[in-house]
1. With the full set of protein chains in place, find how many percent of the accessible area of region 46-141 is carbon and sulfur; take the probe as 1.4 Å.
2. Just to confirm my understanding: which cysteines in the chain have no other cysteine beta carbon less than 4.7 Å from their beta carbon?
3. What is the set of long-range amide H partners of residue 203 at a cut-off below 5 Å, with H atoms built 1.01 Å from backbone N?
4. Suppose the chain between residue 429 and residue 52 were pulled fully straight at 0.36 nm per residue; how much longer would it get relative to their current alpha carbon spacing?
5. Mind listing the long-range amide H neighbours of residue 99? Cut-off is under 5 Å, sequence gap 5 or more, other chains count too, H placed in the peptide plane at 1.01 Å from N.
6. Jot down the per residue volume, in cubic angstrom and as a whole number, of the convex hull over the alpha-carbon atoms of region 61-210.
7. Rank these residues by their accessible area, most exposed first, probe 1.4 Å: 149, 46, 346.
8. How many Å² of accessible area per residue for the chain, probe 1.4 Å?
Amino acid sequence: MLYALVDCDNCYVSCERVFNPSLEGKAVVVLSNNDGCVVARSPEAKAMGVPEGLPFFQLAERFPGKEIHALSSNYTLYGDMSRRVMSILRQSAPDIFIYSIDEAFLSLDDSPYVNVDYKAWGEELAARVRRWTGMPVSIGIASTKTLAKLASKFAKRYPGYRKCCFIQTDDQREKALSLFPVEDVWGIGRRHATRLAATGVKTALDFTRLPAAVVQKTMTITGLRTWMELRGRDCISLDLLPRKQTICTSRSFPRMLSSRDDLAVAVAGFAARCAQKLRRQKSMAQMVTVFMSTNPFREELDQFSLSRSVSLPAPAQSDTEIVRAAHEAMDACMEIASRRGLPLWKRAGVVVSGIVADSEIQTSFLDIPPVLKKKFQQLSAVADRINARLGDESIQVAAALRASDPATGKALTFRNSILHDRRSPFYTTDIRDIIKVE
């Protein structure tokens, strides 16, 4: 069996460069919502030493005199560009597993390209994606998914691979593992990497030379699977690749809030987003948590943060159920805050956890009636289809509707209610932003 891992290079920055070629070769960073901190960097910005997570207001202070182009995040654009890349990949292999917005695994042995030169096939696929979408991708091909992901790193790092690295023989595998730091291996977290380094394990090859019993004892069965995959044994099924165990949507507010009504609107929007993400990965959640905090950069104000969780009687994925639970958790937070004098909130968020597949739910007599639960699910599914056809938030939960936009008189959408002074246009999803060629 062979797998290809296709990875979009510096995805967010590359999406911006497709429509603004003047950014090529320049230091570019993409900021989080409300232009809070750096979440993506071009290779030039990384070489300059710009760290991920750096607050935007510190950028000029840390790098005086440097030309760094900072852009507000445009997730609508990034998501649509990702969809276009994935549609090309589907034409190249019938079995595709989209792992994230910028990564996908392809199973090659059953593809129409069986018994071909896979190195040449990968190079041609990368060139086709670049030619048709403008997006640069790196492709790793190997006998296991972990090795394919490792190979994609080499394809991205070294131009000589022409955007595709194929680990074909044991000699090639061992050479690649000897050059790859163990902390960068997919499936080995920072905590395990630190422990391994203390025992003299520095490279992926060092890791594969540990006894299997030692690996399983210190890193459980998950670590043992990674160990086996690096040794060339395919043991992680595409169907069993982990779903997100928690899903979080959070934002810093453009201005500090104290009103319960203002917070309720924001929290409803966060909760609805979490519910949408659950449905996309065909999951349900068993717990909803709301967290709130004040502005850590306003040292003259009292600092305060808290969170509360609500357990659902049965797993849920509908907007109605998730929003209702989030408001219950928020009200519990507000009750505690009122005893201390309501602070000014700068940030809030919603986390859904206890995630299970939507085919594995256990009902409860404490839950809402099954007929009503089914109606809530159907309503959310209809909203998803409408939004997919007409644009994000064409229809949304009433509790998440924001104040009216003075220019249009319509309620502000989730994406337009946050600070985005440096955001690029919605080139591919809004007819008003389509590029005009003269």
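1. On the way: 2310 of 4500 Å².
Here carbon and sulfur together make up 51 percent of the probe-accessible area.
2. 15, 37, 164, 165, 235, 248, 274, 333
3. For residue 203, whose amide H was placed from the backbone, the distant partners under 5 Å are 182.
4. Numbers: separation 377, 0.36 × 377 = 135.72 nm, distance 2.82 nm.
Length gained between residue 429 and residue 52: 132.9 nm.
5. Excluding prolines and chain starts, which carry no amide H, the hits are 104, 105.
6. Working: hull volume 25.4 nm³, N = 150.
Here the figure is 169 Å³ per residue.
7. On the way: 149 20, 46 95, 346 45 Å².
The most accessible residue leads, giving 46, 346, 149.
8. On the way: 22480 Å² over 438 residues.
Here the per-residue accessible area is 51 Å².
The values are calculated or read from the model by the stated rules, or taken from the named source; none is laboratory data. Since the structure is predicted, the reported quantities are computational estimates derived from the model, not experimental observations. Neighbour counts run over all protein chains shown; Cβ positions are idealised from the backbone, glycine included. The area values use the complete protein model at the heavy-atom level, side chains included, leaving out ligands, DNA and RNA. Shrake-Rupley method; radii C 1.70, N 1.55, O 1.52, S 1.80 Å.
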